[in-house]
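Below is one structure, written out as structure tokens; comments come after it.
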Amino acid sequence: MLHPRRLPILGTIVAVVLVATGCAVGDRPPAAGVRPDGFPTGVFEKTFDDPEFGPMRLSWVFDADGDWAEVPEATSGQRIDTGPARGHYTEDGDLLSITVDSPPAWSDHQHRWQLEGDRLVTTFEGSDDPGDAEFFALLDRQPWVRVP
């Protein structure tokens, strides 16, 4: 059994391993950069208090070839019953379209985006699931911060 003070360390290690091995298409997270079309690549994260799961960190992973992943991480030792989501993204000007392949019950969604230094600012544009508006309104309160 782990000592309670080591649980946050374990959670961080698990999150890094998930991003490095299971969420990005390659063997490691994609390099931070900017594609020729101007869209940023790499890992962006934010921490927030989810009404269902409590305090958490959420990472969006963008690979240069259009692969996308969303990785949730509990930050208070709670259990999150949803795993990483995977799919693809396309960018058309300031419109980011995310197609979710897994889990299959999740809806595709669109966001307006803007890169401000190391911060990715997104604004929910729409999806097929009316419940997405409330969740993304929560996420849109703060920008995504690039993970070096």
Check Val147: other-chain or 5+ apart residues with amide H under 5 Å from its amide H, H built from backbone geometry? Val43, Phe44, Glu45
In segment 36-92, which trypsin sites (Lys or Arg not before Pro) fall in coil by DSSP and have 16 or fewer other Cβ atoms within 10 Å? Arg79
Quick one: 3J(HN,Hα) in Hz for segment 31-44, Karplus 6.51/-1.76/1.60 with θ = phi - 60°, rounded, Gly and Pro as x. 5, 5, x, 9, 5, x, 7, x, 7, x, 10, x, 10, 10
Any idea what log10 I(q)/I(0) is at q = 0.23 Å⁻¹ for segment 39-148, Debye with uniform C-alpha scatterers and no solvent? -1.62
Quote to one decimal, in nm, the extra length available between Asp129 and Ser76 on full extension: 0.36 nm per residue of separation minus the C-alpha distance between them. 16.2 nm
Rounded to the nearest 10 Å², the accessible area of Val121 at probe 1.4 Å: 50
Peptides ranked, highest mean first, by Cβ atoms within 10 Å: ranges 104-116, 128-140: 104-116, 128-140
In whole Hz, the Karplus estimates of ³J(HN,Hα) for segment 101-107 (6.51, -1.76, 1.60; θ = phi - 60°; x where Gly or Pro) are 8, 8, x, x, 6, 7, 8
Distance in nm between label sites at Arg28 and Thr90, each 7 Å beyond Cα in the beta-carbon direction? 3.2
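The values are calculated or read from the model by the stated rules, or taken from the named source; none is laboratory data. What you see is a predicted model, and the numbers here were worked out from it, not measured in a lab. As a convention, Cβ positions derive from the backbone with ideal geometry for all residues, glycine included, and neighbour counts pool all protein chains shown. Protein only, heavy atoms only, side chains kept; ligands, DNA and RNA dropped before computing areas. Shrake-Rupley method; radii C 1.70, N 1.55, O 1.52, S 1.80 Å.
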